[in-house]
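S.K.: Structure incoming, see below.
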Amino acid sequence: TSQQSIPITKVWQILYHVGSFFHVWWSCEETQKFWKAIHSGVQKILKKTFPLKPEYYLLGITDNDIYFSRNEDILFTYMNTAARIIFAKHWKTQNIPNTEECPCLVNWMKYMIWTH
């Protein structure tokens with residue numbers, strides 16, 4: 001089956017389940033495992049507790065439920081960007097992204113910003 005013959009509403013991990021892009025990127029039970037692991041790691045690194053919301057992780061938008069200092073906001077953005085890149089890299093596979101890829105990507109992003 002070619003990629004073009006698979007409707008875009010099919011969930012990428014399980015090709016027989018129909019869902020929206022929001023479902024694929026956020027509300028799918030399998031996807032939630034990834035985001036919960038990311039959220040747990042982010043809270044540990046930032047030493048803060050805050051709710052798991054899609055707008056934080058998919059859009060990078062925070063609200064009154066959380067306050068970040070400038071440095072925390074920058075680090076949150078790095079971690080968020082790394083998580084979304086890793087998630088997107090697995091878009092056409094049936095594998096759930098591996099959260100162990102995130103620290104390497106975050107460190108690379110910090111290096112690139114500090115050296116340029």
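S.K.: If you go through the range 39-64, how many residues are out of contact with any Phe, Trp or Tyr (no Cβ under 7 Å at 6 or more places or on another chain), at pLDDT below 90 and among the β-branched types (Val, Ile, Thr)?
M.R.: Number satisfying all stated conditions: 1.
S.K.: What number of residues within the range 36-56 are surrounded by 13 or more Cβ atoms within 10 Å (Cβ to Cβ) and either of a type in the set (Val, Ile, Thr) or touching a helix residue (DSSP H, G or I) at 6+ places or on another chain (Cβ under 6 Å) (or both)?
M.R.: 7
S.K.: Just to verify a result, which residue in the range 19-33, among those that are among the charged types (D, E, K, R) and touching a residue at least 24 places away in the same chain (Cβ under 8 Å), is surrounded by the fewest Cβ atoms within 10 Å (Cβ to Cβ)?
M.R.: Only one residue fits best here, namely 33.
S.K.: Being of a type in the set (A, V, I, L, M), farther than 13 Å from residue 46 by Cβ and either free of Cβ contacts under 8 Å to residues at least 12 places away in the same chain or touching a Cys at 6+ places or on another chain (Cβ under 6 Å) (or both) is the filter here; which residues of the range 57-82 pass it?
M.R.: The answer is 59, 61, 82.
S.K.: Name every residue in the range 27-40 that is closer than 18 Å to residue 93 by Cβ and not aliphatic (A, V, I, L, M), in order of residue number.
M.R.: Selection gives 28, 29, 30, 31, 32, 33, 34, 35.
S.K.: Residue by residue through the range 57-72, note down the ones that are assigned to a loop (DSSP other than H, G, I, E, B), among the hydrophobic types (A, V, I, L, M, F, W, C) and surrounded by 11 or more Cβ atoms within 10 Å (Cβ to Cβ).
M.R.: If the condition is that a residue be assigned to a loop (DSSP other than H, G, I, E, B), among the hydrophobic types (A, V, I, L, M, F, W, C) and surrounded by 11 or more Cβ atoms within 10 Å (Cβ to Cβ), then 66, 68 are the ones that fit.
S.K.: Taking residue 10, is it exposed (fewer than 11 other Cβ atoms within 10 Å of the Cβ), more than 13 Å from the chain's Cα centre (by Cα), at pLDDT below 90 and among the basic types (Lys, Arg)?
M.R.: No; evaluated as a whole, the condition is false for this residue.
The values are calculated or read from the model by the stated rules, or taken from the named source; none is laboratory data. These numbers come from a predicted model, not from an experiment. Cβ sites come from the backbone with ideal geometry, for glycine too, and all protein chains shown count toward neighbours.
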